[in-house]
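Enquirer: Here you go, one structure.
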Amino acid sequence: MGKQEVLLLVLVFAVVAFEQPIVDAKFSNSMHFNWGVQHSSVVGDGDELHLVLDQMSGSGVQSKKRFMFGSIEMLIKLVPGNSAGTVTAYYLSSSGIKHDEIDFEFLGNVSGQPYIIHTNIYAQGNGRKEQQFYPWFDPTADFHNYTIHWNPREIVWFVDGLPIRVYRNYENMGVPFPNQQGMWVYSSLWNADNWATRGGLEKINWSGAPFVAQFQRFRARACKWNGPVSISQCALDSPGNWWSSPTYSKLSYTKQGQMKWVRDNYMIYDYCKDTKRFNGQMPPECFQQQY
């Protein structure tokens, strides 16, 4: 086989790898309201979602399908003004006591103060792996892209294409990793003024209600969950499972540099540095390279 034929095959495999089915970006087709439907609306051509919080209730949506591995992305514009006590959530989660979960949560604040981007991960019901960041932009002025990339080797949280966090698979050290359960995609807006802003010191100012968070372009370029058989199918190293390719096994040097910039300048909490919380007995993954 000549070089041209080899190059052609490589290009064909690349096209196949990136032509995974994408869940319809219209919220009206891909999600349903799982609570507070009276406080929610799908607008436009079904491609924009508004979640509302007032003194009666918050609201939330859930994807109609479950996934295992791939990229899940959403454009979000957060509650403007005094959003203290409110939480806008965007996350993946299975169900049950020993659930898996990958979180983006946006903790509101008083006017003029920055939001907090709160990230966490649960595997088999075990969590307590929080990292928090200030945004380097106003997340209420426009829509920004929040993406969760999840494969058998690592989970990466992206904001506008910049990686802010990596959580690698250290099962060989006895650290659980979410790779046994399919997860739904959730978004919600709710009252968390018992903890969200300054540990609960700042309560919701209901004179500013109703509070509205806006969502666009939900896309799940991911492996659909079809029961336990998906554990092996979605993790298979094959051209179709692009998320398992070597390209996505570790951040590139460029992406590592971007993440270092975010973490050096905007990270405000890392569970791996909270020795007091863990009485000096730090989780084993905290001693490993996370890039």
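Enquirer: Please go through (1) surrounded by fewer than 17 Cβ atoms within 10 Å (Cβ to Cβ); (2) in contact with a helix residue (DSSP H, G or I) (Cβ under 9 Å, 6 or more places away or on another chain); (3) hydrophobic (A, V, I, L, M, F, W, C); (4) under 29 Å from Ser30 (Cα atoms) for Val229 and return the number of the only condition it doesn't satisfy.
Expert: In the conditions (1) surrounded by fewer than 17 Cβ atoms within 10 Å (Cβ to Cβ); (2) in contact with a helix residue (DSSP H, G or I) (Cβ under 9 Å, 6 or more places away or on another chain); (3) hydrophobic (A, V, I, L, M, F, W, C); (4) under 29 Å from Ser30 (Cα atoms), Val229 misses (2) alone.
Enquirer: For the subset of segment 37-54 comprising residues that are part of a loop (DSSP other than H, G, I, E, B) and of a type outside the set (D, E, K, R), which member is nearest to Glu105 (Cα to Cα)?
Expert: Gly46
Enquirer: Another question, if that's okay. Taking the conditions exactly as written (of a type in the set (Lys, Arg), farther than 16 Å from Arg217 by Cα and crowded, with 20+ Cβ neighbours inside 10 Å), does Lys129 satisfy them or not?
Expert: For Lys129, the condition - of a type in the set (Lys, Arg), farther than 16 Å from Arg217 by Cα and crowded, with 20+ Cβ neighbours inside 10 Å - is met.
Matching residues to (1) modelled with pLDDT under 95; (2) in contact with a helix residue (DSSP H, G or I) (Cβ under 7 Å, 6 or more places away or on another chain):
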residue	(1), (2)
Arg198	yes, no
Lys203	no, no
Pro210	no, no
Trp242	yes, yes
Asp270	no, no
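Enquirer: Now for a separate question. If I go through segment 126-137 residue by residue, how many of them are of a type outside the set (S, T, N, Q) and at pLDDT below 95?
Expert: Of the residues in that region, 2 qualify.
Enquirer: Name the single residue, out of those in segment 198-222 being small (Gly, Ala, Ser) and outside any loop (DSSP other than H, G, I, E, B), that is nearest to Phe33 (Cα to Cα).
Expert: Ala213
Enquirer: Give segment 262-275 a look and list any residue that's over 20 Å from the mean Cα position of the chain (by Cα) and closer than 13 Å to Tyr134 by Cα, or say none.
Expert: Listed by number, the residues that qualify are Asp264, Asn265.
Enquirer: Another one. What pairs can you find where one residue is in segment 225-254 and over 14 Å from Phe69 (Cα atoms), the other is among the aliphatic types (A, V, I, L, M) and modelled with pLDDT of 95 or more, and their Cβ atoms are less than 6 Å apart, with a gap of 6+ or different chains?
Expert: If the second residue must be among the aliphatic types (A, V, I, L, M) and modelled with pLDDT of 95 or more, no pairs are left.
Enquirer: Can you tell me which residue is modelled with the lowest pLDDT among those in segment 72-122 that are among the hydroxyl-bearing types (Ser, Thr, Tyr) and under 15 Å from Gln181 (Cβ atoms)?
Expert: Among those that are among the hydroxyl-bearing types (Ser, Thr, Tyr) and under 15 Å from Gln181 (Cβ atoms), it is Ser95.
Enquirer: Give me a count of the residues in segment 229-252 that are more than 20 Å from the chain's Cα centre (by Cα) and aliphatic (A, V, I, L, M).
Expert: 3
Enquirer: Taking the options Gln258, Gln233, Gln288, Gln281, name whichever one is among the polar types (S, T, N, Q) and touching a Phe, Trp or Tyr at 6+ places or on another chain (Cβ under 8 Å).
Expert: Residue meeting the stated conditions: Gln288.
Enquirer: Still on this model: For segment 259-291, give me each residue that is among the charged types (D, E, K, R) and either surrounded by 13 or more Cβ atoms within 10 Å (Cβ to Cβ) or touching a residue at least 40 places away in the same chain (Cβ under 8 Å) (or both).
Expert: The answer is Arg263, Asp270, Asp274, Glu285.
Enquirer: Here's another thing I want to ask about it. Every residue in segment 169-197 that is free of Cβ contacts under 8 Å to residues at least 40 places away in the same chain and either surrounded by 15 or more Cβ atoms within 10 Å (Cβ to Cβ) or assigned to a helix (DSSP H, G or I) (or both), please.
Expert: Selection gives Asn169, Glu171, Asn172.
Enquirer: Can you pull out every residue in segment 55-81 that is part of a loop (DSSP other than H, G, I, E, B) and either surrounded by fewer than 20 Cβ atoms within 10 Å (Cβ to Cβ) or free of Cβ contacts under 8 Å to residues at least 40 places away in the same chain (or both)?
Expert: Gln55, Met56, Ser57, Lys64, Lys65, Pro80, Gly81
Enquirer: Would you kindly identify the strands (runs of 3 or more DSSP E) lying entirely within segment 92-154 that contain at least 3 residues that are polar (S, T, N, Q)?
Expert: Because the criterion is at least 3 residues that are polar (S, T, N, Q), no strands (runs of 3 or more DSSP E) in segment 92-154 meet it.
The values are calculated or read from the model by the stated rules, or taken from the named source; none is laboratory data. The structure displayed is predicted, hence computed values, not measured ones. Here the Cβ is made from the backbone with ideal geometry for all residues, glycine too, and neighbour counts use every protein chain on show.
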